[in-house]
Structures are given as C-alpha cells and as structure tokens.
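The structure appears right after this line, and notes come after that.
Nothing in this text is a laboratory measurement; each read-out follows from the coordinates by a stated rule. Nothing here was measured: the structure is a model prediction, and the numbers come from that model. Methodologically, a virtual Cβ is constructed for each residue, glycine included, from the backbone with ideal geometry; neighbour enumeration extends over all protein chains shown.
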Amino acid sequence: MEAGGGPGGPGYNETLLHKTILVGDSGVGKTSLLVQFDQGKFIPGSFSATVGIGFTVMLLGDSGVGKTCFLIQFKDGAFLSGTFIATVGIDFRNKVVTVDGVRVKLQIWDTAGQERFRSVTHAYYRDAQALLLLYDITSKLSFDNIRAWLSEIHEYAQKDVVIMLLGNKADVSGERAVRTEDGASLAREYGVPFMETSAKTGMNVELAFLAVARELKQRAVQEPAEPRFQIHDYIESQKKKSSCCSFA
C-alpha cells in the first residue's frame, strides 16, 4: 500500500528493515501475539489455524505503473482513484486463495519503484517465489525499463522464481504508447507469461495471481509422475472462458 511520509520523515531509515518469524506449535498463540503487536488489542475467540501452504509474490516495476492499485484491486476488489504518494521501501498484504480445493496464502510485497529504494527491495528478491513485473501501457519509458528490471531479477532473485510480465492500465487504451504485440514479443524473448491488465476494471488482475498461485502450489505438492503445470496454457484457457479476461 502507498505509505505517507518519505525518506526524510522523523525516525525513518531505509536501511533498518528487519524480518521476524514467529514459530511454535499450532494453538500456542502466535497469531494473537502478532495481532496484539500490530493492532494493540487481543481478539477473543478461536482462530483458524494459519494456512499451511504459503508463498511470497513481489510486485516490481517503475514508480507510477500502478502496483499499489493492482494489489488493492486483488486484495479488496476496489480501485482507489486519485493521486497516490509513492510507496516508501516495501509494504506487505496477505490474501488466501483456493487452488484445486487447497487454501494457499499469498504474501504480496508492494515495492517502491524509485531508484533510491532499490537497495532495500534487492534484499527481498531472494525470499520471493514469484515476481509480477508491471509496466504502464501509456508509458513507453516504463516498458523500455523492463529489460533493466529483468536484469536485476536474474542477478538477485532465485533461479527458479516464477516471473510474469504485465502491461497495466489497459483500460486507458486511448493513451496507449506500447502495443500489445510488443509486450507479448518481449515476454516470448524472456520465456515468461504475459497479459495486459487493468487495476481500475480488474481485468486479468485475479487471473495473474491465481496463475502464479497454481504454478507455485503445483511445484510444492507435485508427484514425480505428474505432468508439469503449464502456466501459459492455463492463462490462455482462462481468458477464453470469459470476455473479461482478454487483451485490450
């Protein structure tokens, strides 16, 4: 989510980012402890056990391509219009989706696109199992910078990370600066799936997350004799099922 303030705000230091993991048996109160710290209150009642299968998905791309709106559309099913303050460093949201009857928790990291925060986001690349790389179809510069983003991914991310290229803001077709076929061609060059999306209308937003969730879930539970999940084929089949899931 977009965060207020900035790198010059009181007490802010972009190098002081740490991760703490809560471990212990189910039922000892890890979730309640986290809620108490995060919200300052205790929520009585029974919690469902934390989802056992989970993956981290990172949103990448230039500042202004719509990463935060993309995340909010998926998480809350809403589009927040207006001007956002650029994300500072990195922000986290969680959502549980169901894949073939299995509940899968996605921890989604919304990253800052500005150059001055790259050293912060680089530290998180290796912990991500999937990367959604966005450009703005109305901004040729954001598309031209995709190769640089892919170079960073290959330098800092896991070798088997799932990558998807997304041309966002497809609803603003009257201001298009990047052709659909150019996005598709670049994706073929790098061997990654591609879709055009709209955080405003929701076009292909859920499909993008569900596709990577299926790919990651399949990798985690697949038996050796099972055929490998084909993410490209899945995307194409899902787009054909609904008119809302097609290229602009």
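Data for the structure
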item: Relative contact order %, region 52-241, counting alpha carbon pairs below 8 Å whose residues are six or more apart; result: 23
item: Taking F37, F79, F55 and counting other C-beta atoms within 10 Å, the order from fewest to most; result: F37, F79, F55
item: Counting DSSP beta bridges with both ends in region 52-241, the antiparallel % (nearest 5); result: 30
item: Projected area averaged over orientations for region 52-241, convex hull of C-alpha atoms, nm²; result: 10.9
item: Cα gyration tensor of region 145-248 - equivalent ellipsoid semi-axes, whole Å, descending; result: 24, 19, 11
item: Peptides 153-162, 133-142, 92-101 ordered by average Cβ neighbours within 10 Å, highest first; result: 133-142, 153-162, 92-101
